[in-house]
Amino acid sequence: MWSTAAVAPEDQLDRVAAKRVLRRSMALARPVRRDVVLSVVLIAASTLCTLAGPTLVRYAIDHGLTPPMNVAAVNIAVAGYIAATVIAYFIGRTQQLTINRAGEGFLRDLRLTSFGHLLRQSMSFYDRQKAGVLVSRLTSDIDSMGELVQFGLLQFVSASLLLVFTLVLLFLMSVPLTMVCLVALPIIVFASVRFQRRSNTAYLDVRDRVGQNLSALQESITGVRVIQAYAREEEQIRRFGDTNRALYDAHMSSVRVSVPYFALVEWVGVAAAGAVVGVGGWLVHQGSVSVGTVAAFVLLLSSVFEPVAQLSQLFNSIQSAGAGLHKLYDLLDTQPDVRDRPGAVDLPSIGPIVVDDVSFTYAGSSRPALHDVSLTVAPGERLALVGPTGAGKSTLAKLVARLYDPTSGSVSFGGVDLRGATTTSLREQIVVVPQEGFLFDGTIRENIRLARAGATDAEVDDALRAIGAWDRFAAFPEGLDTEVRERGSRLSAGEQQLVSLARAALVDPAVLVLDEATSNLDPGTEAAVEAAVEQLMRGRTTIVVAHRLSTVRRADRIAVVDHGALVELGTHDELVARPEGRYAALAAAWAASQPILTTHQP
Ligand code: ATP
């Protein structure tokens, strides 16, 4: 049977939220509604087959076994019974298949929709959310709904139908005997609801203690060297003994809750059967019901009590799954900050970048990362951003690529405010090469093609040639089809950067935003990466967060950023000529042979 998940208090849904969740789920389940309807029809049919059994027993007793005996009636009943079970078998099979197809289909769509939605979120969303929480939304929350869809709803529908059909049948056979059965119902409902509530608390307790026990175990095993080195074995065994005892206690209290409940339900069933036989026998004596009817009542009793107990317990599971859905829908309702606004236009293919009085504060941060920054980068110009760690260089680069929107002020390209541009044209015209280009499991070719899905092999080759890196990769035994392994572990740091640069070359953007890697490379690859960067910058407007002297020297102008402000802007010669200038100090420190710029600022 399906294990009923407990609901923590914070997971309880109020009535309005529950209604919203239900409406939304029905809308989402629309693609699988045919299977849902079919499942309900099949459940109804299988319920009728279940009820056919006791009805046929009644027929056999009343028409076949009561004098004068009638063998034909018994045969009909037996044949009917066999037919009903065979039909029930086939219906059951189809029903399982249909309900699973509907449930899995619903979950598949939901997982895909949620995943797509997550990937479309802006950077600010990822600043706010914890990766672990997002993963749990897409896995355990969706799984708990899976349980609900496949088992909970199935159980709910079948228990409801069985209860209603059985009651109708009982009423049709004998109203007084039905009344006898109904007397026991409130006891079952009351006991089931009470049991569910108590078993929830016990379940949450067991879940907590299992966690504590596991972490005690894990800590001791990972720290076993230290434990033995200081002869703390006995102490650790005693501590583990405590958590282990607590787990035992929690399990036992959960057993103490369930044992009386199941015993009570069983006893009520037997008592009700006794009452039916007693009252039924008297009614048979009176001549108002047949022996077959009494027998059918005894057989049908479980079809009344079981669904009632199931329904009372299901309530909680539905709550728990509803809470999971509620959290997931909240996530699906989060609109990305950076998205196409109504009337968005394509960016032109050429034009200046104008940063106009831009200030920016990260969500959740009290201090602006940038304030009142204004600058213009002419088409084809190379601008290097330099400054100490945490000055705001990367932030400025991200705003130019519209990974974030400015808190105030604006960034435009070719006269179009980036907020009014289509995201497609934005990603085609302005490309960011991050410090560390993430490599995915797959081949070198696939990793480069990530930048433009439809690119042909020849185009990928051309992109690599454009940055002068084709020969290096082609010389691998498997060439561009070499698997990079997880996170590119098979490539050197420099080679990973070359792949990242080749991605940008494949898009061939008008503007390149480069966050130069700070890590030191071996001289051989460093020269190759530098040459690739040089090739890539050719003929493009480039903004580079520079950490290397060579990169800064290649720039047309240099912008010095400090504490979120643009403090100096000019050519290398202009800036070094300034007495007491920031850049002049930097360049001097640098001349003392320090390759990385940012580490030298006071
Ligand atoms: P580095 O040279 O070390 O890369 P930087 O000049 O590029 O430094 P930024 O990365 O732009 O500096 O950071 C500017 C400020 O904004 C820093 O104080 C940093 O802590 C903060 N910051 C950066 N990213 C975030 C974020 N995602 N959320 C909140 N604050 C951030």
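The values are calculated or read from the model by the stated rules, or taken from the named source; none is laboratory data. These figures come from a predicted structure and were not determined experimentally. No Cβ is skipped: glycine too gets one built from the backbone with ideal geometry, and neighbour counts run over all protein chains shown.
All conditions in (1) closer than 23 Å to Leu370 by Cβ; (2) away from the ligand (no atom under 13 Å from the Cβ); (3) at pLDDT below 85 hold for Ala588, with the sole exception of (1). Checked against (1) surrounded by fewer than 21 Cβ atoms within 10 Å (Cβ to Cβ); (2) touching a Ser or Thr at 6+ places or on another chain (Cβ under 7 Å); (3) under 26 Å from Gly387 (Cβ atoms), Leu521 passes all but condition (2).
Within segment 390-409, being at positive phi and more than 8 Å from the ligand (Cβ to nearest atom) holds for Arg402, Gly409. Of all residues being within 17 Å of Ala378 (Cα to Cα) and surrounded by fewer than 16 Cβ atoms within 10 Å (Cβ to Cβ) in segment 530-565, which is nearest to the ligand (Cβ to nearest atom)? Just the residue, please. Out of the qualifying residues, it is Asp556.
All of Glu526, Glu568 fail the test of being under 40 Å from the mean Cα position of the chain (by Cα) and more than 21 Å from Val432 (Cβ to Cβ), apart from Glu526. What about Gly324, is it under 20 Å from His117 (Cβ atoms) and buried (at least 21 other Cβ atoms within 10 Å of the Cβ)? Yes.
Restricting attention to segment 331-355 and to residues that are buried (at least 17 other Cβ atoms within 10 Å of the Cβ) and part of a loop (DSSP other than H, G, I, E, B), the residue that is nearest to the ligand (Cβ to nearest atom) turns out to be Val338.
None of Ile142, Ile188 is buried (at least 19 other Cβ atoms within 10 Å of the Cβ), over 30 Å from Met252 (Cα atoms) and away from the ligand (no atom under 16 Å from the Cβ) except Ile142. Just so you know, in segment 511-556 the residues that are outside any strand (DSSP E or B), among the acidic types (Asp, Glu) and more than 16 Å from Ile467 (Cα to Cα) include one that is modelled with the highest pLDDT, and it is Asp556.
Going residue by residue through segment 566-580, is there one that turns out to be in a helix (DSSP H, G or I), within 16 Å of the ligand (Cβ to nearest atom) and over 21 Å from Asp462 (Cα atoms)? Taking every residue of segment 566-580 in turn, none turns out to be in a helix (DSSP H, G or I), within 16 Å of the ligand (Cβ to nearest atom) and over 21 Å from Asp462 (Cα atoms).
Looking only at residues in segment 356-389 that are of a type in the set (A, V, I, L, M), away from the ligand (no atom under 14 Å from the Cβ) and not in a loop (DSSP other than H, G, I, E, B), which one is surrounded by the fewest Cβ atoms within 10 Å (Cβ to Cβ)? That would be Leu375. Going by the structure shown, is Leu214 within 31 Å of the chain's Cα centre (by Cα) and without any contact (Cβ under 8 Å) to a residue 60 or more places away in the chain? Yes, satisfied. Ile91 falls short on exactly one of the conditions (1) in contact (Cβ under 8 Å) with a residue 40 or more places away in the chain; (2) within 16 Å of the ligand (Cβ to nearest atom), and that condition is (2).
None of Leu110, Leu56 is more than 30 Å from Thr361 (Cβ to Cβ) and either under 36 Å from the mean Cα position of the chain (by Cα) or within 16 Å of the ligand (Cβ to nearest atom) (or both) except Leu110.
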